[in-house]
Amino acid sequence: MIRTCGRIRRTAEFALLYLGVPALLRLAPEIARGTGVKLSLPVAPVLVLMAAVVLLFMLRTRLLRADDLGAISGATRRDWAIMLGRFVCFAAALSAALHLYKPEALLKFPRERAGLWALVMLLYPLVSVTSQGIIYRAFYSLRYAPVFPAALQTLVGAAVFSFAHLAFANAFALAFTFVGGIFFLSSYRRTGSLLFSNLEHALYGDFLFTIGWGEYFFHAGTLRMLSQQ
């Protein structure tokens with residue numbers, strides 16, 4: 001009975017955190033228009049707040065140790081080779097795809113808004129990637145993955161990571177992050193290193209922003225905040 005109740009509780013927590021919050025962020029503009037209530041929920045501050053709460057919970061319950069945040073010894077040379085080789089292949093494919101789909105977007109961001117681009121290159125890994133790693137790799141793997149069959153745990157994790165980008169309201173963001181979610185979560189589960197998976201995530205993210213796919217990964221509220229810097 002205790003195990004059953006615990007599983008039900010964790011499933012409810014999982015649904016609220018990984019489905020409810022992204023849905024609210026996506027629907028916030030429609031809710032505001034429909035009710036006339038000013039409702040602004042920039043993705044970045046919400047993400048950072050969630051990550052802070054989740055991290056505090058994991059540290060206090062000893063799901064995670066502070067030392068685990070920077071540990072990378074679990075990543076072998078083979079892991080690095082897999083990560084870098086995979087990145088080179090996908091970077092080439094994504095560059096070619098953008099050239100065919102929207103050639104005018106190639107390197108447009110660093111060429112036309114170099115200052116904002118440099119800010120994104122710095123803040124995206126530090127703020128967004130770190131927060132997403134805590135929530136969607138460490139916390140998911142340590143607390144919620146056991147709720148699902150072993151064969152489905154990575155796919156479920158990738159699916160909710162993709163769903164987290166629902167607020168961007170475009171298919172590219174959902175598709176890219178589903179594939180990325182498989183890569184990053186697999187790397188974390190294979191190496192046990194959150195830092196390693198975060199570095200991989202940052203590599204792809206900064207590349208997408210640089211090459212020209214980044215416009216599909218900006219939330220309007222976050223973009224306004226960055227543009228004011």
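The values are calculated or read from the model by the stated rules, or taken from the named source; none is laboratory data. This one's a predicted model, so the numbers in the text were calculated from it and none came from an experiment. When we count neighbours, we look across all protein chains shown, and the Cβ atoms used for this are built from the backbone with ideal geometry, even at glycine. Just so you know, the surface numbers come from the protein's heavy atoms only, side chains and all, with ligands and any DNA or RNA stripped out. Shrake-Rupley method; radii C 1.70, N 1.55, O 1.52, S 1.80 Å.
Report the semi-axes of the equivalent ellipsoid for the range 63-164 in whole Å, largest first, where each axis is √(5λ) for an eigenvalue λ of the Cα gyration tensor. Before the final figure, lay out each step's value.
Values: eigenvalues 184, 68, 52 Å².
For the range 63-164, the semi-axes come out at 30, 18, 16 Å.
For the pair residue 190 and residue 27, a Förster radius of 30 Å applied to the C-beta separation gives a FRET efficiency near 0.25, rounded to the nearest 0.05.
Given a Förster distance of 30 Å, report the FRET efficiency between residue 81 and residue 151 from their Cβ-Cβ distance, rounded to the nearest 0.05. Kindly include the intermediate steps, with their values, before the conclusion.
Details: r = 26 Å, r/R0 = 0.87.
So, using R0 = 30 Å, E works out to roughly 0.70.
For the range 36-83, just say rounded, prolate or oblate: build the C-alpha gyration tensor, square-root its eigenvalues into a ≥ b ≥ c, call rounded for a/c under 1.5, and beyond that prolate if a/b exceeds b/c, oblate if not. Oblate, because a/c is 1.5 or more while a/b does not exceed b/c.
Charges at C-beta only: +1 for Lys and Arg, -1 for Asp and Glu. How large is the resulting dipole of the range 38-189 about its Cα centre, in Debye rounded to 20? Present the calculation step by step, with values, prior to reporting the outcome.
Values: 14 positive and 5 negative charges, 26 e Å.
Roughly 120 debye, rounded to the nearest 20.
Measuring only protein heavy atoms, the 1.4 Å probe finds residue 124 accessible over about 40 Å². The portion of the accessible surface of the range 72-163 made up by carbon and sulfur, rounded to a whole percent, is 71 (1.4 Å probe; DNA, RNA and ligands excluded).
Each part reduced to its alpha carbon centroid, the range 146-199 and the range 67-122 end up 16 Å apart. For the range 1-107, the Stokes-Einstein estimate of translational diffusion at 25 °C and a viscosity of 0.890 mPa s comes to 130 µm²/s, using the Kirkwood hydrodynamic radius over alpha-carbon pairs. Computed over protein heavy atoms with a 1.4 Å probe, the accessible surface of the range 91-145 works out to 47 Å² per residue. Between residue 207 and residue 169, the FRET efficiency estimated from the beta carbon spacing at R0 = 22 angstrom works out to 0.50. Averaged per residue, the range 176-220 has 31 square angstrom of accessible surface, using a 1.4 angstrom probe with ligands and nucleic acids left out. Take the Cα of residue 72, step 7 Å toward its Cβ, do the same at residue 91, and the gap between the two points is 1.6 nm.
Rounded to two decimals, the Cα radius of gyration of the range 11-65 over 2.2 N^0.38 Å is 1.40. Sorted into 5 angstrom bins from 0, the C-alpha pair distances of the chain split as 1, 6, 13, 18, 19, 17, 13, 8, 4, 1, 0, 0, 0 percent.
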